[in-house]
Amino acid sequence: MTYRQLDADGVVAYVQASGLFPAGAAVEAREIGNGNVNLVFQARSDGRALIVKQAVPYVRCVGPSWPLTLDRARIEADALEIQNRHASGLVPRLLHRDDDLALLVMEDLSHLDLMRSGMIQLRRYPRFADHISTFLADMAFYTSDFYLPPHDKKALVKRFINPAMCQLIEDLTFTDPYYDAPRNIVNPALRGYLEQTFWKKTALRLDASKMKYKFLTEAQSLLHDDLHTGSIFADEENTRVFDPEFAFVGPSAFDLGILVGNFIINYVSLDGTDCTDAQRRDYRRYLLASVEEIWDLFRRKFAERWARDATEIIARVPGFLGQYLDQLFIDTIGYAAIEMIRRTHGLAHNADVDRIEDLQRRRDVQVRILELAEPLLMGRTGFDNEIGGVTQRVKHQIG
Ligand code: SR1
Ligand code: MG
């Protein structure tokens, strides 16, 4: 079948014809997506719901003037299959795929919170650090050279060659935020700071370039590659990581760094909101405890998998694991800072900050994020590879 874009009626006809609901069942569908890139429908029948996600041949939030590969749906389905194998229960179940239509059908998770929205409302997710550290350790180890036989690892790299989506991240994350790029979306109240101060920081730009080069060249493990809090559903008991359309084999620390960066953005954003001092203090304590727990559990779980399942001979060389994890830590902090910068004035922002309506107040938060990102990025080797040093720095600088 050749590609055609579905509307809600088309989705109803498609799921009926595909046998995803019992024959003859009445089905309703509505578009529920509010993402930047794709169409997302919820199809319901007799109290049961499915999610139908279809890629469109352009960036949805911009329109047809910015074409984007449909192959991202194939990548997403492939990534979900692998994530379901290694991190089962932590990603949506893939029920059906149609690569010709660039379409996936997944379990409906709308009973869970979109984590970003929940965090904006100061909700807590007590199982999250345990769950996400398992997801990250499983993917970082079981899709790496330390576990996969050489031919399988190369086949994985080949299967996830994802150049258009990678270029999007390369440009929007590592390049555009460091100059007055046409695609940046800049709070007018922030522009003066960017022009007079931020865009003149040549040493910062050099370190951002070093992080970009790692992103371009380090094929360590299969990444989700867009692991911000808008790519996670959660509640008190559950965590599901979704939307891996940017997946490719890249630097393992990138997923960790994006996640940590999003927690820190939320942390700083609380200065621009009207929560009480006690609410802000308590939630900030929760956020930093989560960051510490995520890193410490990741490090421990990765080392456990290494000790139990490593097949590559270099994994038996004394000292290799420790140095590998230390470098992952340094890169995690670097990528966290890179994420904080890009979400402030790049193309795609975080609602945590953009919900602050008063532009001057939003600008003050944005400057604080940028001025915290700088010592994290430039000082990433100076925390003795201890996450407590990073959280102390956040607390000391922001309060
Ligand atoms: C074209 S918009 C691209 C951004 O949105 C996604 O959520 C990713 O974060 C990407 O960078
Ligand atoms: Mg997304």
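Per residue, how much accessible area does the range 20-118 show when a 1.4 Å probe rolls over the protein heavy atoms, in square angstrom?
Per-residue value: 42 Å².
Rounded to the nearest 20 debye, the dipole magnitude of the chain is 580 debye, with +1 charges on Lys and Arg beta carbons, -1 on Asp and Glu beta carbons, and the Cα centre as origin. Accessible-area rank, largest first, for 293, 245, 218: 293, 218, 245, with all protein chains present and a 1.4 angstrom probe. Evaluate the Debye formula for the range 224-287 with equal point scatterers sitting on the alpha carbons, no solvent, and hand back log10 of I(q)/I(0) at q = 0.13, 0.15, 0.19, 0.22 Å⁻¹, in q order, two decimals. For the range 224-287, the Cα-only Debye profile gives -0.46, -0.58, -0.83, -0.97.
Taking 7 Å steps out from each Cα toward its Cβ at residue 361 and residue 62 produces label points 3.2 nm apart. In terms of the Cα gyration tensor, with a ≥ b ≥ c the square roots of its eigenvalues, is the range 181-305 rounded because a/c is under 1.5, prolate because a/b exceeds b/c, or oblate? Oblate, since a/c reaches 1.5 and b/c is not below a/b.
Judged by the gyration tensor of its Cα atoms, with axes a ≥ b ≥ c, the range 68-118 is prolate; a/c meets the 1.5 cut and a/b is the larger of a/b and b/c. Other residues lying with their Cβ under 11 Å from the Cβ of residue 231 contribute a combined charge of -3, Lys and Arg counting +1, Asp and Glu -1.
In a DSSP loop and with at most 15 other Cβ atoms within 10 Å, the GluC sites (Glu not before Pro) in the range 330-399 are 357, 386. Please give the solvent-accessible surface of residue 1 in Å², to the nearest 10, using a probe radius of 1.4 Å with every protein chain present. Rounded to the nearest 10, the figure is 140 Å². When the charge dipole of the chain is built from unit charges on Cβ atoms (+1 for Lys and Arg, -1 for Asp and Glu) and taken about the Cα centre, the candidate among 10, 82, 42 whose Cα reaches farthest toward its positive end is 82.
May I ask you to give the solvent-accessible area per residue for the range 256-305, in square angstrom, as obtained with a 1.4 angstrom probe?
Here the per-residue accessible area is 35 Å².
Close amide-amide hydrogen proximity is noted between residue 113 and 234, 235, each under 5 Å apart and 5 or more residues distant or on a separate chain (H modeled in the peptide plane; Pro and chain starts excluded). Applying the Kirkwood pairwise sum to the alpha-carbon positions of the range 179-238 produces a hydrodynamic radius of 15.1 angstrom. Adding -39500 (n - 2.57) for every DSSP H run of four residues or longer, then dividing by how many residues the chain holds, sets the calculated 222 nm ellipticity at -16000 deg cm²/dmol.
Rounded if a/c is under 1.5, else prolate if a/b is larger than b/c, else oblate: which is the range 1-57, with a ≥ b ≥ c the root eigenvalues of its Cα gyration tensor? Cα axes put the range 1-57 in the oblate bin. A Förster distance of 30 Å, applied to the separation of the beta-carbon atoms of residue 191 and residue 5, puts the FRET efficiency at 0.20. When the alpha carbon coordinates of the range 136-253 are projected onto the principal axes, the ranges are 51, 37, 23 Å, largest first. Within the full protein context, the accessible area of residue 40 is estimated at about 30 Å² for a probe radius of 1.4 Å. Which whole-percent values make up P(r) of the chain when all C-alpha to C-alpha distances are grouped in 20 Å steps starting at zero? Per 20 Å bin, starting at 0, the Cα pair percentages come out as 27, 58, 14, 0. Treating r as the C-beta distance of residue 130 and residue 100 and R0 as 56 Å, the FRET efficiency rounds to 0.90.
Pick from 317, 105, 59: which is most flexible by mean-square fluctuation in a GNM of the chain where alpha carbon atoms under 10 Å apart are linked? Comparing 317, 105, 59 in the GNM, the peak value goes to 317. Pairs exceeding a 27 Å alpha-carbon distance, out of 53/301; 153/210; 153/214: 53/301. Taking the 1.4 Å solvent-accessible surface of the chain as the whole, the part contributed by carbon and sulfur is 50%. Taking all Cα pairs closer than 8 Å and separated by 6 or more residues, the relative contact order of the range 207-282 comes to 32 percent.
The values are calculated or read from the model by the stated rules, or taken from the named source; none is laboratory data. Not measured: the values here are computed from a predicted model. Backbone-built Cβ (ideal geometry, glycine too); neighbour counts: all protein chains shown. The protein model used for the area step is the full one, side chains on, heavy atoms only, and it has no ligands, DNA or RNA in it. Shrake-Rupley method; radii C 1.70, N 1.55, O 1.52, S 1.80 Å.
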